[in-house]
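FYI, it's all coordinate maths here, none of it is from the lab. Quantities reported herein were computed from a predicted structural model and do not represent experimental measurements. Please note: Cβ atoms are built from the backbone with ideal geometry, for glycine as well, and neighbour counts cover all protein chains shown.
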Amino acid sequence: YKAKVSRGGHHVFDSDDDSHGEIRLRTLEELRLALTEGQLVLHYQPKVDLGTGVVCDVEALVRWNHPTRGLLLPDQFISIVEEAGLMHSLTQVVLNQALDQAAVWQAQGHPLTIAVNLSASSLVDIELPDRIGAMIAARGLAPSTLALEITEEFLLNDRDRARGILTRLREQGIRISVDDFGTGYSSLAYLRDLPIDELKLDQSFVFPMAENERAATLVSSAIALAHSLGLRMVAEGVETGAAYDQLVGYGCDFAQGFHLSEPVSAATLDSWLAERRRTHAALVVEPAEV
Ligand code: C2E
Ligand code: MG
Ligand code: MG
Ligand code: MG
């Protein structure tokens, strides 16, 4: 059978593997439970402002705290969620948790903008903008507390509808970010058409940047392109101090990656931020109240 071994050492079955229907079914049942019983948790990874060192933004990344298999990463369950038609529920659970956490950080006097990843299938739901608006308002948060990361896959669906949904989200003040930038098919077309605020340069460009001149040229050109369109650029997968410095040199706006912090629990992030506030006292100012 087709199986791959995950980082945790568990076998993960390819979702198209019908010979293991029984196992998939069990996973499906377990997933339904996970969604209703709070087994999905969010980890947070900071986006560091390369100009100032300030952290005003974090990305929420979902994990499944499985009762027997331990902490599972999105690669191990997102495709099953999608196929089972449960993405709508996952998105709700993730948005609720992320906004609850945003409210906590706001109450503690350290407001942070939380970016949530939206799957392509969520961008066909025309009720999404109103529902998200209500979720934000219910917690007394500013809409700019939320950012949404989308990938260009969503354009494979109904493009006009997706653009309409994005426009309504953005009109509320929610930031729209294009994830994995550079890896899709129609990057330039959506840069022309879509209401967006931020590009996230895919890590596959950032990793080889130090040794590969063409990769470096692509990175610096993509940053220039973003700026000429009035967009902010985030580099993903910043794993070394050298990459960080190189990106500063290119005028990139934000960096995210293991060099700064892995995705961690809210509590661990709180300690990391506190430590950073101590050591970067001169640099770190609180973001302006919105
Ligand atoms: P993404 O949104 O592009 O997230 C970046 C991924 O790169 C994360 O993997 C993160 O842990 C990893 N990463 C961050 N810094 C580094 C680094 O310096 N080096 C390397 N090698 N990797 C780094 P993760 O958490 O496993 O998430 C994978 C993907 O799953 C995400 O890619 C996103 O597309 C999806 N995902 C995560 N959370 C959600 C969610 O709540 N909803 C949906 N629909 N998708 C999600
Ligand atoms: Mg993302
Ligand atoms: Mg990405
Ligand atoms: Mg990705």
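Centroid-to-centroid, using Cα positions, the range 143-212 and the range 213-264 are 16 Å apart. For Leu31, the shell of other residues with beta-carbons less than 14 Å away shows a net charge of 0, using +1 for Lys and Arg and -1 for Asp and Glu. Between helix 213-228 and the chain there is an angle of about 80 degrees, using the helix long axis and the longest principal axis of the Cα atoms. Compute the helix-to-body angle for 87-107: its Cα long axis versus the longest principal axis of the chain, expressed 0 to 90° and rounded to tens. Tilt of helix 87-107: around 40 degrees.
Using the 10 angstrom Cβ neighbour count as an exposure proxy, how do Asp160, Asp245, Asp57, Asp253 rank, fewest first? Intermediate results must be reported in sequence, preceding the final value.
Values: Asp160 8, Asp245 12, Asp57 23, Asp253 20.
In increasing order of surrounding Cβ atoms, one gets Asp160, Asp245, Asp253, Asp57.
Relative to the present Cα-Cα distance, how much length would full extension add between Glu262 and Ala134 at 0.36 nm per residue of separation? Show your work: numbers first, answer last.
Values: separation 128, 0.36 × 128 = 46.08 nm, distance 3.10 nm.
Working it through step by step, the gained length comes to 43.0 nm.
Using the beta-carbon distance between Ala242 and Glu275 and R0 = 22 Å, what value does 1/(1 + (r/R0)^6) give for FRET efficiency, to the nearest 0.05?
Working: r = 23 Å, r/R0 = 1.03.
Using R0 = 22 Å, I get an efficiency of 0.45.
With helices as the sole contributors, the chain gives -12500 deg cm²/dmol at 222 nm; each DSSP H run of n ≥ 4 counts as -39500 (n - 2.57), and the sum is divided by every residue.
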